[in-house]
Amino acid sequence: MFQVKRLLRVICLPAVALVYLPLATAQHGDHDDETGDDASRLTDVYLPPQTAAIPERPAPLFEWGNGFLEPGELKEPIRLPTGAIWSPNFIVWGTARSGLAGRSNNNDNAGEWANRLDLFAQARLSPTERFVIGLRPFDKNGVFSGYDFDGENTTDGFNLDVQTLFFEGDFGEIFPKLDREDSRALDFGFGIGRQPVNFQEGILINDVVDAITITRNSLRFGGLSNFRATALFAWDEIEPGGEGEDPEGGMLGVLTAADFTDSYVEVDLLTTFSDNPAVGDGLYAGVGATQRLGGMASTFRANASLALDNNSTAIDNGLLLTSVLSWVPHHTHDNLYVGSFLGIDNFTSASRAPAAPGPLANIGILFAATGLGTVGSPISPQGADVIGGSVGYQQIMHGGRSQIIYEAGLRVATDDQDDNTIAAGARYRKAIGQRMVLTLDAFAGNDSIDDAFIGGRVEISWSF
């Protein structure tokens, strides 16, 4: 009897399916209809590009030649005797920032209105060759044009100093006739002039210096998917430890990065030298590794400095260890992160600009200076003889048009200095149109110097 029932199931179930499927198809629409209205299939009817949801291109302040990221026909290029093909264009762009910031504690109150303008012009000859010039006319050496509410006076950082001026290109692209088969490894990138230099996420060096760099990229060996090496020589605008420019200083460096199967590894070595005995010479090294650990993104870094002459606030001996772990909670587009650090002795950066954030800026928003005004970060970003960390949650809202970050942080001195800080804060950012961003900051905490403190900031930025 059991075998008979089993046989009936085998025969009847396919038969029922054959009867039901045509009925279902007739009820919900023909899968092979001409218009292809069924969502389960691709339509046979031509549809033009659906561009209604794509915003218009926000054009730069000024442009000449082929428009930047503009659709349309390209203008006739220029063919050089070297074999290079150039399609020159010229654009002017920048970012204007204006903000109010304040901080209050038992000993002091600070409040200011500060302004900053980053203005750039670029003459682009090809995808690999360009001239860039940049000005910051509203701030100089950490002084921002605006108003100091505590001192009840205006502040003036106006200047027309050239902050950025460099040319970069690729030797193989400028002289392609030297290697028609692209087999002689002549693709050396280079840059010369006053250019930004940032390595180890700004811990080892974060400044704009007069330098020449030569880079060899896209090297593959030993199982690496890519290896990049850069040689650097700088001769001016060097600011060891962020303690001001050393007009008698210079810098040499070798900076490398390798893409392994499971990790991206950076190994950098720099040395500074000076005829000024008050500054002396220094040696700097940085190692960083970025990878996935299970469902987490992770970055670990070790940066060290060594004074080859006398120790000073500009060049000193020290080791700074940092780590940042982050992951996306399930069913969200948010970001949860944990940062930690340990500073042994007094690590100093090879060169750091006055408005650049400190070595601990990447630990979290409580450690990161804004680069606008003199009201500093709630927790000191310096890494001398300290241990601490942060935990934060970044909530993405409105399709990425706004976000809010909640964070708590701690910094504890490991030497005899009574310099401990604990704080909590939040940052809200909202895009306004295509060019403007509103930022609101609020924080509160307690430190061993000023006891309890509170503060906040509001900023509007406009990119053009």
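Figures for the structure shown
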{"item": "Cut-off 20 Å (backbone N to label point 7 Å along Cα→Cβ of residue 150), residues of the stretch 358-375", "result": "358, 366-375"}
{"item": "For the stretch 384-430, Kirkwood radius (reciprocal of mean inverse C-alpha pair distance, Å)", "result": "12.3 Å"}
{"item": "Linear extension gain, residue 406 paired with residue 220, 0.36 nm per residue minus alpha-carbon span", "result": "62.8 nm"}
{"item": "When the stretch 318-370 is reduced to its Cα atoms, the Kirkwood hydrodynamic radius in Å", "result": "12.9 Å"}
{"item": "Entry for Cα Rg over 2.2 N^0.38 Å (calculated from the structure that is shown) out of [x] 1.63; [y] 1.27; [z] 1.34", "result": "[y]"}
{"item": "Calculated [θ] (222 nm, deg cm²/dmol) that DSSP helices of n ≥ 4 give over the chain, each run adding -39,500 (n - 2.57)", "result": "-2000 deg cm²/dmol"}
{"item": "Additional length obtainable on full extension of the chain from residue 248 to residue 41, 0.36 nm per residue less Cα span", "result": "67.4 nm"}
{"item": "Angle in degrees between helix 2-28 and the longest Cα principal axis of the chain, rounded to the nearest 10", "result": "70 degrees"}
{"item": "Relative packing of 426-439, 64-77, 236-249, 360-373, which averages over residues the other C-beta atoms within 10 Å, highest first", "result": "360-373, 236-249, 426-439, 64-77"}
{"item": "Extension gain from residue 57 to residue 310, taking 0.36 nm per residue of separation minus the Cα-Cα distance", "result": "85.6 nm"}
{"item": "Separation of alpha-carbon centers, the stretch 427-460 and the stretch 90-144, rounded to whole Å", "result": "18 Å"}
{"item": "Protection proxy ranking, peptides 330-343, 48-61, 196-209, average beta carbon neighbours within 10 Å, highest first", "result": "196-209, 330-343, 48-61"}
{"item": "Cα centroid of the stretch 193-233 to Cα centroid of the stretch 333-408, whole Å", "result": "23 Å"}
{"item": "³J(HN,Hα) computed for each position of the stretch 41-56 - Karplus, 6.51 cos²θ - 1.76 cosθ + 1.60, integer Hz, glycine/proline x", "result": "9, 7, 6, 8, 8, 5, 10, x, x, 8, 9, 4, 7, 8, x, 5"}
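Read-outs: derived from the displayed coordinates by stated rules, not from any lab. The structure displayed is predicted, hence computed values, not measured ones. Cβ atoms come from the backbone with ideal geometry, glycine included; neighbour counts cover every protein chain shown.
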